[in-house]
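The values are calculated or read from the model by the stated rules, or taken from the named source; none is laboratory data. Computed from a predicted model, the values in this text were never measured in an experiment. For neighbour counting, all protein chains shown are included, and Cβ atoms are generated from backbone atoms with ideal geometry for every residue, glycine included. Surface accessibility is based on the protein's heavy atoms, side chains included, excluding ligands, DNA and RNA. Shrake-Rupley method; radii C 1.70, N 1.55, O 1.52, S 1.80 Å.
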Amino acid sequence: MCPSKSRCAKLVVSAFVLAAVVDGIAGPVLAANPAPATALVVHGGAGTIIKGQMTPELEEQYRAKLSAALLAGQAILQAGGSSLDSVVAVLKILEDSPLFNAGRGAVFTADGRNEMDAAIMDGATGKAGAVAFVTQVKNPITAARAVMDHTDHVMLAGAGADSFAVAQGLELAEPEYFFTDRRWDQLQKAREEENAAKTGNLSQDTPRPYMGTVGALALDQQGRLAAATSTGGMTNKRLGRIGDTPIIGAGTWADSKCAVSATGHGEYFIRLAVASDICARARYLDISVENAAETVIHEVLSAGGGTGGVITLDDHGQISMPFNTEGMYRGFVHADGSPTILIYK
Ligand code: ASP
């Protein structure tokens, strides 16, 4: 009868509220019902983590930034704010940090520029917004949100996306803002590896761990899911290359029951439509989102040679975070609990 557990719970809640009002006329008022539990999940990429190269100080910086982002998103959810506002707040904090491959810390393209992609999807309405290879927007996720909220389109790219962001009055940044020594060094290394591969000194299949997208999923007090993902793409990518992040159904997806944000080698995630495949499998096969995500990452993606992972969230607040790399920066927080942060397997 009820479309979902949470909807049933709401009907029960409404009945209690009604009873309380009626009862209040003649007798004692029942205790107010608590708002449904909220949930928030975050990732900071799966492709940059090599345990041997991590120092305790750096690990602590990652943990602290992911916690701060979760707490900011949690505060919005606890105050009754929307899942959309929550995921944008989380991503802005991660985009502003040089630690992650998004916004400030975006990786460099083959020609030494920063071209960023981002997407957002509203599970309650099915609306979505995305930008691809933007170069001037300080927080690409705000441009994706503006595309969703203020245009009839889903995705804007390149110069059109940048000029749209200007017209929307979004905060801009000069190219120098996106320059970090660490990412520049990674580009030089990637170029060396590419040359070595061309001269036969290095296998083309050698994994190049220069990724690190950020993503967030939220479930708000109204039971609405939202997904958001933002990235600089992959180090040494070709001019104009677009990854999975801004492609709805590949790197980002949310519907009324399931939300997914991906990180990893984008071409594989596009070809396999990873994010929407997880939610479709859960729905059509009547299995949990967690089960579907495990299958898609550990069987489908791995079988095809793709590397990376996803975070998922369902309409009951159940999360999963499968990946097939050495680690994935990730964390979650439920209701008014404390954030949990994880990095390795
Ligand atoms: N998926 C991103 C891309 O291919 C990269 C990443 O997740 O780090 O653009």
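Per residue of the chain, the DSSP helices (runs of n ≥ 4 H) give a summed -39500 (n - 2.57) that works out to -11000 deg cm²/dmol at 222 nm. Length gained on full extension, LYS51 to SER338, computed as 0.36 nm times the residue gap minus the Cα-Cα distance: 100.8 nm. Mean separation of Cα pairs under 8 Å and 6 or more residues apart, divided by the residue count, gives the chain a relative contact order of 23 percent. Shape class for the range 34-124: oblate, because the ratio a/c of the largest to smallest gyration tensor axis (alpha-carbon atoms, square roots of eigenvalues) is 1.5 or more and b/c is at least a/b.
Suppose R0 equals 30 Å; then what is the FRET efficiency for LYS198 and ARG63 from their Cβ-Cβ distance, rounded to the nearest 0.05? That pair, LYS198 with ARG63, gives E of 0.15.
Per residue, how many Å² of accessible area does the chain show with a 1.4 Å probe?
Numbers: 14820 Å² over 345 residues.
With all protein chains present, the chain gives 43 Å² per residue.
Within the straight-line cut-off of under 23 Å between alpha carbons, the lysines reachable from LYS257 are LYS5, LYS10, LYS127, sequence neighbours fewer than 8 places apart in one chain being disregarded.
For the chain, the longest principal axis of the C-alpha atoms and the axis of helix 158-167 are separated by about 50°. When DSSP beta bridges are restricted to pairs lying wholly in the range 167-278, around 90% turn out antiparallel. Annotation: aspartates and glutamates with alpha-carbon distance below 12 angstrom to LYS92 (same-chain offsets under eight excluded): GLU171. Note on the range 60-170: along the principal axes its Cα atoms extend 38, 36, 22 Å, ordered by decreasing extent.
Based on the mean of other Cβ atoms within 10 Å per residue, sort peptides 128-134, 56-62 so the most packed one is first. Intermediate results must be reported in sequence, preceding the final value.
Working: 128-134: 26.1, 56-62: 12.3.
So the order, starting with the most tightly packed, is 128-134, 56-62.
Beta bridges assigned by DSSP with both partners in the chain are antiparallel in approximately 90 percent of cases.
First compute the accessible area of the range 40-128 with a 1.4 Å probe, then give the percent of it belonging to carbon and sulfur atoms.
Carbon-and-sulfur percentage of accessible area, whole number: 54.
Principal-axis analysis of the Cα atoms of the chain puts helix 83-95 at an angle of about 30° to the longest axis.
Using a/c under 1.5 as the rounded threshold, could you call the chain rounded, prolate or oblate? The axes a ≥ b ≥ c are square roots of the C-alpha gyration tensor eigenvalues, and prolate needs a/b larger than b/c, oblate otherwise.
Prolate, since a/c reaches 1.5 and a/b exceeds b/c.
Residue ranges 284-291, 263-270 sort as 263-270, 284-291 when ordered by packing (mean number of other C-beta atoms within 10 Å per residue, highest first).
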